[in-house]
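Visitor: The structure's right below; bear with me while I get my questions together.
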């Protein structure tokens with residue numbers, strides 16, 4: 001009787017989830033493709049696997065455990081033993097399921113431009129439709145200062161009373177990492193005007209966070225400045241292109257020759273619309289393969305659509321989900337709309353201003369809290 005009672009108890013007792021937290025795996029140095037995996041386990045056992053900071057897979061409890069063991073480097077034999085014991089399934093089935101999921105994840109991590117739904121049979125949901133417990137990415141505006149010669153009208157300095165110190169930004173990076181945020185983008189203003197940019201990049205990389213930099217790139221005409229940034233472990237850059245700025249073109253040449261993932265952002269304006277097609281051709285000729293496009297004027301929407309088609313004909317991939325620094329060439333800075341709702345949206349990313357205030361997005365006047373002084377739970381919720 002005791003044996004039957006114990007068997008029934010085991011059968012109907014909920015399986016205790018693995019400890020909630022953020023787990024990280026990075027390809028070994030010198031690997032052909034430098035992939036990164038971040039697994040965020042929720043208290044209920046479900047998880048989100050972020051692949052190369054670009055693809056998010058929402059996993060049930062069992063799949064999340066398989067992903068955990070993949071990241072931890074657990075042997076297949078041990079995984080089969082643990083899963084079989086915890087979920088009361090055959091060890092052979094557990095072993096096969098682990099191998100199948102691991103192979104699909106690593107294929108996705110090591111293959112560029114692969115649709116996980118079409119090629120790997122993953123059920124993919126949009127991170128903006130799903131409700132993440134905390135964001136997957138923070139867009140950190142280190143400063144709203146702009147390079148000398150830029151019209152000061154376009155620097156939204158009045159939005160903040162001060163800039164955080166180096167140590168305060170480090171506190172925010174650590175707080176975000178502890179909360180489970182795997183992806184940090186440094187933006188502005190112009191982030192390279194901060195003397196501590198390299199230090200902050202290094203700290204985020206040491207945490208294990210994926211790092212991006214949004215910049216006009218002009219300082220990278222200086223090879224020593226470029227080497228200093230690349231040596232931080234920076235993962236990618238988005239270059240804000242002013243077609244009339246020769247320094248940016250020169251810097252782009254240096255960046256393309258370097259070992260760094262880059263994309264170029266072009267904001268279509270009334271001033272550059274006529275030459276925009278030639279700009280795309282030139283970008284393609286010098287080796288740019290990833291492009292972000294926006295328009296500062298609704299009258300240019302048809303032209304923008306033509307440029308998107310032209311980019312496709314030039315085999316350029318379009319990038320849509322990265323922010324753009326506040327500047328004269330950023331439509332958000334030109335036309336900041338008032339918030340239409342007082343309720344915070346559940347988003348996959350949030351925007352942090354130079355004083356630590358957190359907004360739903362760049363240009364929003366709805367402040368959700370301050371990441372330096374407020375508990376993260378009160379901000380996300």
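Since every read-out is calculated from the coordinates, none of them should be taken as a lab result. As the structure is a prediction and not an experimental result, all values here were calculated from the model. Glycine also receives a Cβ, built like all others from the backbone with ideal geometry; neighbour counts cover every protein chain displayed.
Visitor: Over segment 265-306, what is the relative contact order in percent, taking alpha-carbon pairs closer than 8 angstrom and at least six residues apart? Don't skip to the answer; put the middle values down first.
Guide: Working: 32 pairs, mean separation 25.0, N = 42.
Once normalised by length, the contact order is 59 percent.
Visitor: Over all directions, the average projected area of the alpha-carbon convex hull for segment 60-106 comes to how many nm²? Working shown, then result.
Guide: Values: hull surface 11.2 nm².
With the hull built on Cα positions only, its mean projection is 2.8 nm².
Visitor: If you don't mind, there's one more thing I want to ask. What percent do you get for the relative contact order of segment 198-269 when only Cα pairs under 8 Å and 6+ apart count?
Guide: On the way: 99 pairs, mean separation 24.4, N = 72.
About 34 percent, as a whole number.
Visitor: Another one. For segment 137-380, what is the percent of antiparallel DSSP beta bridges, rounded to the nearest 5?
Guide: Values: 5 of 34 bridges.
Restricted to segment 137-380, the bridges split so that about 15 percent are antiparallel.
Visitor: Here is a further query. If you average the alpha carbon positions of segment 157-223 and of segment 269-287, how far apart do those two centres end up, in angstrom?
Guide: Using only Cα atoms, the two centres lie 30 Å from each other.
Visitor: Still on this structure: Kindly provide the Kirkwood hydrodynamic radius of segment 151-211 in Å, to one decimal, from all pairs of distinct alpha carbon atoms. Before the final figure, lay out each step's value.
Guide: On the way: mean 1/r = 0.0789 Å⁻¹.
It is 12.7 Å.
Visitor: Moving to a separate point now. Arrange 162, 93, 218, 25 by Cβ neighbour counts within 10 Å, fewest through most, would you? Numbers along the way, then the final one.
Guide: On the way: 162 9, 93 13, 218 21, 25 16.
Neighbour counts put them in this order, fewest first: 162, 93, 25, 218.
Visitor: By count of other Cβ within 10 Å, fewest leading, how are 203, 38, 282 ordered?
Guide: Working: 203 20, 38 25, 282 14.
Placing the least packed residue first, the sequence is 282, 203, 38.
Visitor: Oh, and also: Sort 237, 316 by Cβ crowding within 10 Å, fewest neighbours at the top. Write out the running numbers ahead of the final one.
Guide: Working: 237 23, 316 20.
Neighbour counts put them in this order, fewest first: 316, 237.
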